[in-house]
Each structure stands twice: as C-alpha cells, then as structure tokens.
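> Let me begin by handing over the structure; questions about it come next.
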Amino acid sequence: MIKIFQQRMKLVGDRLVPYSEGSDRIAGEVGKSRTITYSILSSHNTSDDIENLRLRVDAMASHDITYVGIIQTARASGLEAFPLPYVLTNCHNSLCAVGGTINEDDHLFGLSAAKRFGGEFVPAHLAVIHQYMRERYAGCGKMILASDSHTRYGPAGTLSVGEGGPELVKQLLGRTYDIKYPDVIAVWLEGRPRPGVGPQDVALAIIKATFDDEIVKNKVLEFIGPGVSNLSMDYRFGIDVMTTESTCLSSVWRTDKVVSDFLSIHGRPDDYTELNPIDGACYDGAIVVNLDEIEPMIALPFHPSNCYTIREFNENPEDILFEVEKNAVELLNLDFPAPSLRSKVRDGRFYVDQAFVGGCSGGLYQSIRQMAAILKGSSLGNTGISLSVYPASQPMMIQLTDNGTLTDLMNSGAIVRSAFCGPCFGAGDVPGNGGFSIRHATRNFPNREGSKPSEGQVSYVALMDARSIAATALNGGALTSATDLENPPIDTVETDYIFNDAPYKNRVYNGYGNPDKNAKLVFGPNIADWPEQIPLPENLLIGIASAIYDPVTTTDELIPSGETSSYRSNPKKLASFTLSRKDPQYVRRAESIQALETERRNLLDTESGLSEPLGALEKFLGGRDYRLWGIGSAVFALKPGDGSAREQAASCQRVLGGVANITSDYATKRYRSNVINWGMLPFTLEKAESFGIAPGDRIAVPNIRRALENGDAKIAAALIQGENTTDITLNLPGITKDERDIILAGNLINYYKAGQ
C-alpha cells in the first residue's frame, strides 16, 4: 500500500531510484535544484544563500481567531499599510451566541482594518479560509502564508505554509519568512483509487505511515508520479490539506491539465504554469503510494495517526475500543471511567451517534456529490445517526443547490449548513456525553469536539472519508466502508463544477492597494492590546509551572479551542484558559510566579531603605540578589506543539509571565517559532524525562543574556528540586541571530519598536 524510503532518491525518466552519491557531489546539488520545491523557494528567496532562505510570499490569509492579534501586533510595531494581499476570513468565530457581542465585534474590527490598511475582508459564512484561498489566490509557482496550520494549496502548484501570527506580522512589516532550506520528500503516486475510496482514506494512510517515526517532520512533500493525473482537483486538495497532520512543513504537487481547468473555471487561467520535476531531480527520501491498494480508513481517538482500515476495525472492535477507552482515561486525566464505547457494539456491528462533513478537508464539491449519490432516496431515520454537511464556500453551495445535490441530502435527513469551521475545533455539532462522532475533518485530538472532561463530559471523534460516512449513515449508523456498498460511486477526474463568484463580488470588501488612513478602527470592549513584556534579564530564575510527560502535547491542550475562541482578542482573558484542560492548576502557579517578579520589580523601583525582599520572594530567590535575577515561569513538556499554528498556545504563557519552554524536542517548527516570537527561550534538555522535573522546581540560569548575545548553543544551568541541586545543560539548537535578538528584546513587538 505505502512504501517508505529513508534515503536519497533520484528521478530517472518515469521512475524513482536510490541515489548513489559517488565521487561527484555536485550532481547531488544539481539534482536538488531540479525539484518543483526548489524552483518555488528560490524564486521567492531574497537572500544570496539558498541554504538560509529569506522568503517573501505572494499573499497571506488569517481567520477571525487570529487576525485581531496579528493586526494589533503589527500596529504596535509600526504598521501603516498591508504591503501584499492579506485576506481576513470569518469562518471560525461565527457563532455570536458565545460570549455576547464579542465575535461580531472582531468581525467589525476586521472590516475596519481592511479599510484602513488595504486588506480583503470575507464576511462570515461566505467561505472557509482555505477554500477561499484555493478559489481566489492559489496559483502555480506561488507562495502563501496563513495563520492556520492547514494552509495547504499544493495541488494548485502553490507552496503554502501555516504559521503563527508573528510570522505574518513580519511580512506585514516588510520583513521575510526565514527558514533553513528544508528537506524535500517525494510522494510518488501510482495507480488510481477504487470506487468508494476517498481522499481522506489516502491521507490517513500516509499519516499512519509517517507520523510516529517523524519521517516527514518539517520537510516539504512533493507529490509526483503517474497517479496524480488519475485524481480530480478536489481529490488532490482533500489529500493535501491533511498533510499538516504528518507534521511536514508544506507540500506541492506537479501540475497538469486538471489544474489548468481548475484555474480557468475560477477565472484565473493566467495563473497556470506546468510544474514538473526535471529528470535527475534528487529527493531526501520518498513515499510510494499505490492508490489501487488504499482501503477506507478510520482514525480513532485521539490522533489522526491512530489509524485502522475500517475492515480491520470491524473485524475486532471490542479490543480496539478497549484501548481507546484506556487512552481516554490517561490523556484526559479522568478520575472516573471513560464512557463505554464497547457498549455501542451490537450484534457484532459498531454503531456511531453522529457524523459531520465540512471545512477545508471534507466540505469539497466532489465529496459532497458522492455523499448525495450514496444517500439519494434513502432515510437516515429519526432514532439513529445525525449528519451535518457544511459546503466550504457559497459559490460551491450555489452549484450544489442548482444541480439538486443539497436537495437529495436534505431529503434523506441530512442537515445542510453554511461555510463554517466551528465543528472542526469544538464550536458546534458537539456530540453528547459518551457520543461517538465520525467526521471528514482535520483533527480528532482530545476535547477537539468540544467536550469538557473536567466537568464530567467526554465524547469521541474519529476521522473518516465522506464516502464511508455516507455509507455508515445509510446503514443507520453501523460503521460501514463505502467499498462495501453494492455500487459505490466512482470518482471521476473531470468535474461538472461551475464557479459563480457573485457572492464574493457582492459581499467581499477588497481594499488591497487602497488603504484609507482616515478610516477608524472599530474596537469592541473585548479587544485589548498586548500587555507590555520586558527584555530578557541578565540572570534568570525559572519556576516550573507545569510538567507534562505525555509523548506529545497538542496546541489544543496548551490553549483549548472551542468556546475559548471568543476571547482570542483579549490576551489576559484568553490566558486564563491556558492548559485548563490538561493542567488546571497551571494558571494559578504561573500567576504566583509572575507575582514574585512583580514584587521584585516594585522593590527595584522603591527608594533606598527597602533594599531586601521578604517572604515568598526571598524564599523563591534562595538567597540570590533580587536586583540581579529576573523571575519567570516555564512549561516543561516532552514534545509540545503538535497541531494548530495559532500563536496563543505560546503567547498565553508569555502573558502569564512565561520565559521558557523546556522540552526534549518541539513537535512542530511553527510552535517553536511562536515560543521565540513571544520572547520565550526554546530550551531543549537531553534525556529530559530522567530528571523528574515537576511543578515547584526551579531552574537557575546565570548569565543567560550574555550567553544569548554570544550565540551560545549550550547553556549552563542548575535544577533546584527542594534541597537538591543538579547541574544541567540547556540547549538552544539551531537558533539564529534574529531569533536571539527577538528573545533579548522581550518579544517581536519590542524587537520592532527598537528599530530592528
């Protein structure tokens, strides 16, 4: 089904072969330059060093969970006008019943910012962020940066990256996106999918094969091979958007007539260029996918990599579900048994409660058409599974209405909703307690569906393709593979889609190139400025506010999604939710450490006579001079940052006085960047789990400012655990001069204010 080659590979004619280095190393460098990835990165690089890229992108996008903070950060750093197309979509905070007026207040701010700075504003329910960018901006040879981790437009020949907000701020201020030249992995597709096998099945198979061993972490996936031409554009997009869950940096596909037709349908034929690797192209590894052999998949809680074929699951549901229940207790920190999933097995069949198809991965035209073909003329009934379908854009909804697709779905009992990302992160269509939901969506992390284990609520999400979801709904909720249907629908490469952009023409505000400096920004009562952050002190005493020993910690655990989204524009209010589901005591601990730093600084500001700190501060300092040692908190986690690109996973720690993360490794490049851009030290610690670090421990890091100024990669420190002190070495691998300067300044805002 999938073969992995963790060695250099070379394109020779119409096949990939292992690369023999030989004596001529130059051949390898030439081969690197023959990839599609190289052609795009080199054309956007502003430096004279291809190994250290300084990239300027063609366009950017943010949604309403992230754009307020980005614009506020850029304003504080000197923003006057958007220097490139910047699209502000409103597909996340669209349920204004949560938090009163504050979601709509964010939208009003976004529109006013688009007018003042020259941006593009897409009102709520018109389109989800990634579908809008596919329809309006993705094109061959382009680069797009967006503040959402699922920023993937590779099938259109666009190399796109999801990053934290500060990386977008840099582009708004005329700076560059700086990265080391990434490894490039060839994803060689051959054959064609069987009827009933959808793009989510292919994507989950790839994630399962690559995630655990970090085979593609922070690398670019380049999709090539004869199988590409056997896939429709929607099918390609459906695979591509899920590459985020493999932890790769980005992806790009070779282009052909299918791409040309897609761009022509969307009124942009001039954005097409044929992109293919040149014979002799060299890759840092390869993933060979035989599409003929892919089976319908299910990703069980609590990660997209926890995959089985639906056939395997149905053969042994009891044992597999036992493991899910056990993991629920551990990952959700439950002090009660997890709601039973095995009770949903009846007469040998597993029955699900709910289904959702929508967003950037599931809400695509062809997938919805296939669902309607399966469900047409049937009834979901009124006692079993519920099904919600969210087409990804209004133009798509118009075509699905005109050709009767939505009518067929609604007649079967499915609920059709507008373009909205909410259920994907727990805002809408939340399953009941103990419920099991199957979703053609992007993630199934703990609590991602919106439940609150701390309040006794637990539900479960599994990922599946829309085709098998429809087959399951057809069978009353009994988990069913679409390939088991008598006549599963066939996915054709051709499309009957007609793009009607009237909703965009009539509702989208497009002010790019025409900023109005007299336009007033509209601030709702919940929109607040970032609190001031001080520069890095000479010496640092760090209190451990949380210690997490899970193999991976997601950004959803660092800062929960769902109802907290309403507070994304208020840094202090949002910070009160930090780690609230994973470690409910974190905020209290961090605030107590922050109070010590406040007391220390107040002492510095007092007149002589109050020269010695007292009480808790004196105890925390352990005899150290308060005038010389700054105080802050840190999160210790083995591997934090899998998942979302949203910067708040790091900024909330900083708002609460965070000065560092201490880890074995970072799950993603984007989370590490967020830590740095918010002025925190991205420490790693070898054999971190062996030190038994726990909340209440302290780490003394003398001369940290001097070490950073000198570019030291190894930092001498002392771990203080009660009466015991252990010398340790904290590492800062691969940290650049710009990153050091940002941390020294205290955060990116301070860095730009200082004229850097």
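> Any residue at all in the stretch 466-481 that is in contact with a strand residue (DSSP E or B) (Cβ under 7 Å, 6 or more places away or on another chain), of a type in the set (D, E, K, R) and touching a residue at least 40 places away in the same chain (Cβ under 8 Å)?
Scanning the stretch 466-481, I find no residue that is in contact with a strand residue (DSSP E or B) (Cβ under 7 Å, 6 or more places away or on another chain), of a type in the set (D, E, K, R) and touching a residue at least 40 places away in the same chain (Cβ under 8 Å), so the answer is no.
> Something else: Tell me the residue from H130, H150, H125, H92 that is surrounded by fewer than 21 Cβ atoms within 10 Å (Cβ to Cβ), closer than 19 Å to C424 by Cβ and of a type outside the set (K, R), please.
H125
> Please give the number of the condition A372 fails out of (1) under 26 Å from the mean Cα position of the chain (by Cα); (2) among the small types (G, A, S); (3) modelled with pLDDT of 95 or more.
(1)
> For the stretch 710-725, which positions are surrounded by 11 or more Cβ atoms within 10 Å (Cβ to Cβ) and either farther than 16 Å from P682 by Cβ or outside the structural domain of G622 (by TED's automatic domain parsing) (or both)?
Result: A716, A718, L719, I720, Q721, T725.
> Need at least 1 residues that are hydroxyl-bearing (S, T, Y) and without any contact (Cβ under 8 Å) to a residue 60 or more places away in the chain per element, so show me which strands (runs of 3 or more DSSP E) inside the stretch 270-314 make the cut, counting only ones lying wholly within it.
Those strands (runs of 3 or more DSSP E) span 307-309.
> On the basis of being within 19 Å of A519 (Cβ to Cβ), surrounded by fewer than 21 Cβ atoms within 10 Å (Cβ to Cβ) and in contact with a Lys or Arg (Cβ under 9 Å, 6 or more places away or on another chain), does E80 make the cut?
Criteria met by E80.
> For the stretch 663-756, please list each of the strands (runs of 3 or more DSSP E) lying entirely inside it that holds at least 1 residues being charged (D, E, K, R) and within 23 Å of L621 (Cα to Cα).
In the stretch 663-756, the matching strands (runs of 3 or more DSSP E) lie at 698-701, 724-731.
> Given the residues E538, E532, which is the only one that is surrounded by fewer than 16 Cβ atoms within 10 Å (Cβ to Cβ), modelled with pLDDT of 95 or more and under 30 Å from A707 (Cβ atoms)?
E538
> Another question, then. Yes or no: L84 outside any helix (DSSP H, G or I) and at pLDDT 95 or above?
So L84 passes the test.
> Further, regarding this structure: Could you check how many residues of the stretch 402-448 are surrounded by fewer than 20 Cβ atoms within 10 Å (Cβ to Cβ) and either of a type in the set (D, E, K, R) or under 19 Å from the mean Cα position of the chain (by Cα) (or both)?
2
> Scan the stretch 340-365 for residues that are more than 18 Å from A473 (Cα to Cα) and touching a Ser or Thr at 6+ places or on another chain (Cβ under 8 Å) and jot them down.
Correct list: G359, C360, S361, Y365.
> So, one more: On the given criteria, is S43 in a loop (DSSP other than H, G, I, E, B), surrounded by fewer than 13 Cβ atoms within 10 Å (Cβ to Cβ) and modelled with pLDDT of 90 or more?
For S43, the condition - in a loop (DSSP other than H, G, I, E, B), surrounded by fewer than 13 Cβ atoms within 10 Å (Cβ to Cβ) and modelled with pLDDT of 90 or more - is not met.
> Another question, then. Take A338 and tell me if it is among the small types (G, A, S) and either surrounded by fewer than 20 Cβ atoms within 10 Å (Cβ to Cβ) or in contact with a Leu (Cβ under 7 Å, 6 or more places away or on another chain) (or both).
No, not satisfied.
> What are the residues in the stretch 114-147 that are touching a strand residue (DSSP E or B) at 6+ places or on another chain (Cβ under 9 Å), of a type in the set (D, E, K, R), more than 19 Å from D501 (Cβ to Cβ) and part of a helix (DSSP H, G or I), if any?
Within the stretch 114-147, K115 is the sole residue that qualifies.
> Give the residues of the stretch 203-262 that are under 12 Å from I287 (Cβ atoms), among the charged types (D, E, K, R) and touching a Cys at 6+ places or on another chain (Cβ under 8 Å), sorted by residue number.
Hits for the stretch 203-262 are K208, K219.
> Answer with yes or no whether F262 is assigned by TED's automatic domain parsing to the domain that holds P226, touching a helix residue (DSSP H, G or I) at 6+ places or on another chain (Cβ under 9 Å) and in a helix (DSSP H, G or I).
yes
> With V228, V241 as the choices, which residue is free of Cβ contacts under 8 Å to residues at least 40 places away in the same chain, in a helix (DSSP H, G or I) and not assigned by TED's automatic domain parsing to the domain that holds E80?
Being free of Cβ contacts under 8 Å to residues at least 40 places away in the same chain, in a helix (DSSP H, G or I) and not assigned by TED's automatic domain parsing to the domain that holds E80 holds for just one of V228, V241, which is V228.
> Considering each of V522, V458 in turn, give the residue that is aliphatic (A, V, I, L, M) and not assigned by TED's automatic domain parsing to the domain that holds N433.
V522
> Could I ask something else about it? Looking only at the stretch 659-675, filter to residues that are among the basic types (K, R) and buried (at least 24 other Cβ atoms within 10 Å of the Cβ); which one of those is farthest from P535 (Cα to Cα)?
Looking at the filtered set, the residue picked out is R670.
> Sticking with this one: Kindly state which helices (runs of 4 or more DSSP H) lie completely within the stretch 331-412 and contain at least 1 residues that are farther than 30 Å from D550 by Cα and in contact with a strand residue (DSSP E or B) (Cβ under 9 Å, 6 or more places away or on another chain).
365-375, 394-402, 405-412
> Only one of S546, S468 is at pLDDT 95 or above, under 30 Å from M371 (Cα atoms) and buried (at least 20 other Cβ atoms within 10 Å of the Cβ); which?
S468
> So, one more: I'd like to know if the stretch 264-286 contains one or more residues that are closer than 20 Å to G196 by Cα and either acidic (D, E) or modelled with pLDDT of 95 or more (or both).
Scanning the stretch 264-286, I find no residue that is closer than 20 Å to G196 by Cα and either acidic (D, E) or modelled with pLDDT of 95 or more (or both), so the answer is no.
> Out of the residues in the stretch 87-99 that are modelled with pLDDT of 90 or more and of a type in the set (S, T, N, Q), which is farthest from Q131 (Cα to Cα)?
The residue in question is N90.
> Another question about this same structure. So the check is Cβ under 7 Å with 6+ separation or different chains; which pairs have a first residue in the stretch 567-586 that's assigned by TED's automatic domain parsing to the domain that holds N661 and at negative phi and a second one that's at pLDDT below 90 and of a type in the set (S, T, Y)?
K573/Y567; L574/T564; L574/Y567; F577/T564; R581/S454; P584/S454
The values are calculated or read from the model by the stated rules, or taken from the named source; none is laboratory data. Here the structure is a predicted model, which is why all the values come from computation and not from measurement. Because the Cβ atoms are built from the backbone with ideal geometry, glycine has one as well, and the counts that use them run over all protein chains shown.
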